[in-house]
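Down below is the structure, laid out as structure tokens.
Just so you know, all these numbers are worked out from the coordinates, no wet-lab data involved. Note that the structure is predicted; figures quoted are calculated from it, not measured. Counting neighbours? That spans all protein chains shown, and the Cβs are built from the backbone with ideal geometry, glycine included.
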Amino acid sequence: MNADPAALSPSTAQEMPAPDGPLSRARPGRERIMAAIRTAAVAEFSLHGLKGTSTQAIAARAGLTKPQLHYYIAGKEELYEELLMQVLHAWKVVFSFEDASDPATVLGDYIRKKLDHAFDNPEISRIFTREVLDGGRNLDRYWPNAQAWTQKKVDIINGWIARGQMRPLDARLLLMHIWAMTQSYADYAIQTRVMLGLPPDAPIDREPIARELVAFVLAGCGIGSPASPQAFIRSC
């Protein structure tokens with residue numbers, strides 16, 4: 001249902017396009033309002049999931065009335081799917097193995113990027129986690145691509161193993177372990193601060209965490225750090 005522009009606040013009404021006019025006339029204002037709606041939706045979905053989130057809550061957080069919200073979106077389901085797909089596409093782009101030549105550098109960069117994403121985008125990361133916990137019914141279209149992306153990484157890791165650059169291991173489990181260790185800092189941010197003895201809103205120094213995670217994973221793979229001359233030590 002479209003809202004009556006005359007019933008809106010003056011600033012919002014000016015930004016809303018006339019129903020019979022070109023959308024481009026109010027494009028800057030519309031984009032700003034859509035950005036506010038998406039930000040509000042991310043916060044609500046990360047806290048309550050799709051089922052527990054109402055369009056009323058999204059509207060209130062975005063500073064709109066419910067009729068105003070429905071002027072811009074058809075419903076929460078379409079908005080949720082859009083945000084979820086954006087998250088998954090961003091992960092595909094950010095967490096690729098850009099250079100497959102040196103496992104220490106590639107894995108180290110991968111871990112740091114995943115950790116940075118967890119710290120910088122905890123709410124977005126939790127949308128995915130909550131969807132999985134709710135059964136993952138909205139991820140059916142995503143899994144085939146995710147399996148294909150994972151297989152590419154597995155092939156690269158298995159190539160390192162075949163060339164003696166790291167010890168034999170299950171490449172899929174390695175990737176899952178890296179994901180679990182880094183995702184923890186998004187899903188359990190409150191617990192992290194408690195265990196580190198930090199106030200609820202205190203910033204977390206991520207550099208020691210990144211160094212420890214990288215060193216931990218590389219040691220488990222039997223390889224040295226990117227700056228270390230230590231070579232792979234073959235296991236008998």
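In this structure the amide hydrogen of Q165, modeled in the peptide plane, comes within under 5 Å of no amide hydrogen from residues 5 or more places off or on another chain. Dividing the radius of gyration of the alpha carbons in region 93-236 by their Kirkwood radius gives 0.99 for Rg/Rh.
About the Cα centre of region 40-123, what is the dipole size in debye to 20, counting +1 per Lys and Arg Cβ and -1 per Asp and Glu Cβ, all else neutral? Display every interim value, and only then the final one.
Values: 8 positive and 12 negative charges, 83 e Å.
So the dipole magnitude of region 40-123 works out to roughly 400 debye.
Cβ-to-Cβ counts within 10 Å put W143, W179, W160, W91 in ascending order as W143, W179, W91, W160, the fewest first.
Using the Karplus relation 6.51 cos²θ - 1.76 cosθ + 1.60 with θ = phi - 60°, the per-residue 3J(HN,Hα) values for region 135-144 come to x, x, 5, 8, 10, 4, 6, 7, 4, x Hz, with x marking Gly and Pro.
By the rule of a C-alpha distance below 22 Å, with chain neighbours fewer than 8 residues away ignored, the lysines paired with K152 are K92, K113, K114. Just want the answer: with Cβ charges of +1 for Lys and Arg and -1 for Asp and Glu, which residue in S101, I190, L173 is farthest toward the dipole's positive end in region 86-221? So the residue we want is L173. Ordering L83, L115 from the fewest to the most neighbouring beta carbons within 10 Å gives L83, L115.
Between F97 and Q191, the simple spin-label model (points 7 angstrom out along Cα→Cβ) gives 3.0 nm. The residues packed around D116, meaning those with a beta-carbon under 11 Å from its beta-carbon, carry a net charge of +1 if Lys and Arg are +1 and Asp and Glu are -1. About its Cα centre, the dipole of region 91-236 is roughly 400 debye, where the only charges are +1 on Lys and Arg Cβ and -1 on Asp and Glu Cβ.
What is the fewest-to-most order of M181, M166, M176, M195 by other Cβ atoms lying within 10 Å of their Cβ? Display every interim value, and only then the final one.
Numbers: M181 18, M166 22, M176 12, M195 9.
Fewest-to-most ranking of M181, M166, M176, M195: M195, M176, M181, M166.
In a shell of Cβ-Cβ distance under 14 Å around G136, excluding G136 itself, what net charge do Lys and Arg (+1) and Asp and Glu (-1) give?
Spelling it out: positives minus negatives among the neighbours equals 0.
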